[in-house]
Structures are given as structure tokens and as C-alpha cells.
Amino acid sequence: MNDAPVKYSSIYLHFPFCESKCHYCDFYSLGREKTGTGDPDLFEKALLQEIGIRGERGEFADKIETIFLGGGTPSMTPPESMERIFNTLFRKTSLDPGYEWTMEANPSSITRDRFKAYRNLGINRVSMGVQSLRSDHLLKLGRVHDENEALRALESVFESGFTNVSTDLLCGVPGQTLADLESHIQGLTAFPLTHLSIYLLTLTPGHPMYRDLPEENEQLDHLAFIHEKMTALGFEHYEISNFAKPGHRARHNLVYWSGGSYLGLGPSAHSFSKSARIRFRNPNSLHRWATPLLESSGRLPVEEREELTPEQLDLEKWMLAIRLEEGFPREWLDSESRRKKVEILVREGLLEPHPRLGDRLRATPRGFALSDALVRELS
Ligand code: SF4
């Protein structure tokens, strides 16, 4: 299958380095203890090659609409290195006038001057991994910042001129109470945030903290509480884990959630071509990803490539629709059994007719929290 004709206008770049590895993290990232001294240079060189090859293949759309720098901790990358990376990209493409360019950042790597330099490059949105404003919980999670550092970092981001700023919080942390969540939300929304992502902490059964995770009912209460608080503060609960001020939904992530095409660059990055119905992925290893690129053979380091079957596409369609506030159109209820299931789910308070979009149904806040069960029922 040849994906060369696909032109991507949404680009993800994975920066694999972190200060240290958090205890719950399953993203591909290397803490300082695992990072070799030459690795950041090797990463930059290989990334420049990957961008160059993708550019030669004509895979960048004329206008890029969204860029997302994820990781890892992209904000550990010096602005000069970022500049070299994006100079290479913009040799082959340019930014759409209404672009969104997000950088993930962690509090410990934020300084005002560094963020000014990122802004001068064109980055116009920051997503900061705060996770908690309780220093003991942060320590337990293996984060390297504490509450004060998180608040100081947020201040620096705003002082450096960013106005479109999101933060991440974790809920379901062992020992976390509703009062904690309330004070975290208060503490963060004292800043003019445009967006907040709140993820449920998930751990594998073998993890030392797994036994301490809250029971499902407590999790549901916490998620309901978060929904109430955030919507009362004027945020739209537009996706299971995401809240935005009107006009500030995360556009890059909406590409993922609406089944759009995106190109991932860097180790472990995933890509999806909607027209070719192909998903592909780079290796989860800095060296396995970089080696073919540095051989200058023109070979791309794609490790897995999967053409989606009609059944997978149908499952994805339901998974994505259940995640989003817009829900799904009634015309998807194409069998008597699906219509019956939906009636039951509405009675159980997990689905509801969309209040503004008459021909659609959507998950309720409780349905968001139980979305896996909803998808199992409907797909
Ligand atoms: S900072 Fe983020 S990417 Fe890095 S180890 Fe922690 S959770 Fe993972």
C-alpha cells in the first residue's frame, strides 16, 4: 500500500526526553538516567532526516493547520534546536494563517526567556503537565516538580506572552479527595486558562500503587464533581477528559478524535491516513528509530503498518463519537437491536438526546465516565 499521495496538514512530533521517568508513565520517554550524552544531538539529526524524507515525498500539505509537540518533554529542547527543526519543516510547507501549534511542557523546564523564544518561533499554545497541586501526591507519582514550581511555571508561561494555555491534571490518584480536586481546579483556574485536561490515573495490575487506586464508584463521583465545577466555571466539557473555554477546543486533538489524518514524526510517533485507511507507527526506541534515518538511505523507520478493516473502522467510529460532546447522528442506529440498546442506555442515564443538535445523541457526563461500556454496547 502506498501512502505517498497523502498530504498531511496535522503534524505530531515526539520529543523523547524527560527529566526523570514518572512512576505511572507509559509514553515512550527516557529519563536523564537513561539518556546518553549524545542522544539529544542524535535525536535532532535523525528528526531533520525524517522531516527531509517526508518533505521530499511531498507528504506535507501546502498549509499546515495544526502542529503538536508531545513527548516526553519537548520544553527541554533548546529553542535553537527547535529552530533548526522547524526551519527544515518550513522549507517544504508553511503555516495556515489560523494555525494551532501546541507544545507540551513540564513545570521544571519552564523559564520566561525560553518560552519567549518558543513563541518567537510561532508556537502559540502551551499544554502544561501540572497533574496535581499537592506536593506529596506529585512525589508519589514520581513528578520532579512541586506545587510552588507548578504555579511559578504557569506564571512564567503567561508572562512570556502565551494566551492559549492548557494544563493537565490527574484524578483517581490514591488518597486524592474531592477537596483536593476543588483546590486544584481553583488554583489553576485562577490563571486565565483556555483549556484543562483531566485524566484518570490508570496503572497496570502489577504496579505498586495499583491496589490503592479508588473504587469505580468513587472515581465516578470525582468525575461528576469535576464536570460540575468546570462547567460552572464556563468551560465546555467537549470530550471525555477535556474542557475548553468557548472557541478554545484543542484542534490538533480534535483531528485524532474525529478520525482525521495526521503524520507523526520521532520515535514511537503514530500516523493515520484517513483516505488510505492506514495506521502506521515508528519504533518505540530512539536508536531503532534513528538508525535507518542516519544511514541516509532514504528509508523511513516505520515499524508497524496496519490497514484498517471495515470492522475496525466501525469500532473506531463509535469510540470517537462517544468521546465527543457532539455525539452521533440518529441515522447510525441502523438496526432494531441498536435502537433498543440506545433506548435502554437513555433510560439508564448514559446517553441523552443532544440539547442543541436535534438529530443527534450524546453521552451524558456519567456516560463519558463509562464510555468503554457504551462503546461495547453500540459497536
Ligand atoms: S513527564 Fe510526562 S512523558 Fe515524561 S515521564 Fe512523566 S508522564 Fe511520562
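Structure summary
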item: Members of region 29-86 found to be under 15 Å from Gly122 (Cα atoms), within 16 Å of the ligand (Cβ to nearest atom) and either part of a strand (DSSP E or B) or among the acidic types (Asp, Glu) (or both), listed by number; result: Phe68, Leu69
item: Residue selected from region 238-261 under the condition surrounded by fewer than 22 Cβ atoms within 10 Å (Cβ to Cβ) and in contact with a helix residue (DSSP H, G or I) (Cβ under 7 Å, 6 or more places away or on another chain), by the criterion nearest to Leu201 (Cα to Cα); result: Ile240
item: Cβ-Cβ under 8 Å pairs, at least 6 apart or on other chains, region 340-360 side farther than 25 Å from Leu220 by Cα, far side assigned to a helix (DSSP H, G or I); result: Asp359/Arg330; Asp359/Glu331
item: Sole exception among (1) surrounded by fewer than 21 Cβ atoms within 10 Å (Cβ to Cβ); (2) under 17 Å from the mean Cα position of the chain (by Cα); (3) in contact (Cβ under 8 Å) with a residue 60 or more places away in the chain for Leu200, by number; result: (3)
item: Ser20 being among the polar types (S, T, N, Q), surrounded by fewer than 19 Cβ atoms within 10 Å (Cβ to Cβ) and part of a loop (DSSP other than H, G, I, E, B); result: yes
item: Within region 94-115, tally of residues that are part of a loop (DSSP other than H, G, I, E, B) and of a type in the set (Val, Ile, Thr); result: 2
item: Selection from region 195-230 of residues that are of a type outside the set (A, V, I, L, M), part of a helix (DSSP H, G or I) and within 28 Å of Leu254 (Cα to Cα); result: Glu216, Gln219, Asp221, His222, Phe225, His227, Glu228, Lys229
item: Within region 306-354, considering residues that are surrounded by fewer than 14 Cβ atoms within 10 Å (Cβ to Cβ) and of a type in the set (Gly, Ala, Ser), the one nearest to Glu236 (Cα to Cα); result: Gly349
item: Gly367 vs. criteria surrounded by 12 or more Cβ atoms within 10 Å (Cβ to Cβ) and outside the structural domain of Gln219 (by TED's automatic domain parsing); result: yes
item: Selection from region 101-135 of residues that are charged (D, E, K, R) and either free of Cβ contacts under 8 Å to residues at least 24 places away in the same chain or within 13 Å of the ligand (Cβ to nearest atom) (or both); result: Glu104
item: Residues of region 314-355 that turn out to be within 24 Å of Tyr199 (Cα to Cα) and of a type in the set (Lys, Arg), as a count; result: 2
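Conditions (1) buried (at least 18 other Cβ atoms within 10 Å of the Cβ); (2) outside any helix (DSSP H, G or I); (3) among the hydrophobic types (A, V, I, L, M, F, W, C); (4) at negative phi, marked per residue:
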{"residue": "Ala117", "(1), (2), (3), (4)": "no, no, yes, yes"}
{"residue": "Leu133", "(1), (2), (3), (4)": "yes, yes, yes, yes"}
{"residue": "Leu139", "(1), (2), (3), (4)": "no, no, yes, yes"}
{"residue": "Ala150", "(1), (2), (3), (4)": "yes, no, yes, yes"}
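The values are calculated or read from the model by the stated rules, or taken from the named source; none is laboratory data. What you are looking at is a predicted structure, and each value in this text was computed from that prediction instead of being measured. In this analysis, Cβ positions are derived from the backbone assuming ideal geometry, glycine residues included, and neighbour counts consider all displayed protein chains.
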